[in-house]
Amino acid sequence: MQSVTLKEIEKYNFKKQKKPIKFEHGTNLSVPLRTSYMTYHKNKLYIGYFDKVRGGQLFAYKLNKKGLFKKDKMQDGLALPSENWSTYSQIQGISFDKNDILLSTSYGDFNSQLLIF
């Protein structure tokens, strides 16, 4: 997982620099090995994936005030999730509002769905 700060993005000028922005922060995650969707909500990074055969998994990683992975949630240099859940298959998006979790499903040319919990 690589990241840049908002300050770094705001001061970056492609027309002047003519090269990709450099990542300043990086952390390896213990799970998942693949990512289908991701979002940030209330100092946690939510990362999920799905497998057509085995369903899906959603992992929550606690972040510190700077938006970096918490050092106490590390093992062998890998960030560990603070929570994880089994999910439906074909989840490809997640969002939060005041009271609900919204999950979007989609796969190929089939109809998409919005699941609200």
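The values are calculated or read from the model by the stated rules, or taken from the named source; none is laboratory data. Small disclaimer: the values here were computed from a predicted structure and weren't measured. Cβ sites come from the backbone with ideal geometry, for glycine too, and all protein chains shown count toward neighbours. Just the protein is used for accessible areas: all its heavy atoms, side chains included, with ligands, DNA and RNA removed. Shrake-Rupley method; radii C 1.70, N 1.55, O 1.52, S 1.80 Å.
Out of the residues in segment 76-106 meeting the condition of being out of contact with any strand residue (DSSP E or B) (no Cβ under 8 Å at 6 or more places or on another chain) and either farther than 19 Å from LYS44 by Cα or among the acidic types (Asp, Glu) (or both), tell me which one is surrounded by the most Cβ atoms within 10 Å (Cβ to Cβ).
Initially, segment 76-106 is screened for residues out of contact with any strand residue (DSSP E or B) (no Cβ under 8 Å at 6 or more places or on another chain), giving 76, 97-99.
Okay, now just the ones that are also either farther than 19 Å from LYS44 by Cα or among the acidic types (Asp, Glu) (or both), so 76, 97.
Values: ASP76: 7, ASP97: 9.
Filtering first and then ranking leaves ASP97.
Scanning segment 48-62 for residues that are open to solvent by less than 20 Å² (accessible area, probe 1.4 Å) and either within 15 Å of LEU78 (Cα to Cα) or touching a Lys or Arg at 6+ places or on another chain (Cβ under 8 Å) (or both) gives PHE59, ALA60, TYR61. Taking segment 82-100 as the range and being more than 17 Å from PHE50 (Cα to Cα) and in contact with a Ser or Thr (Cβ under 8 Å, 6 or more places away or on another chain) as the test, only PHE96 passes.
Inside segment 63-75, residues that are open to solvent by less than 80 Å² (accessible area, probe 1.4 Å) and part of a strand (DSSP E or B) make up a count of 3. Might you check whether a residue that is modelled with pLDDT under 80, open to solvent by less than 60 Å² (accessible area, probe 1.4 Å) and touching a strand residue (DSSP E or B) at 6+ places or on another chain (Cβ under 9 Å) occurs anywhere in segment 37-45? No, segment 37-45 contains no residue that is modelled with pLDDT under 80, open to solvent by less than 60 Å² (accessible area, probe 1.4 Å) and touching a strand residue (DSSP E or B) at 6+ places or on another chain (Cβ under 9 Å).
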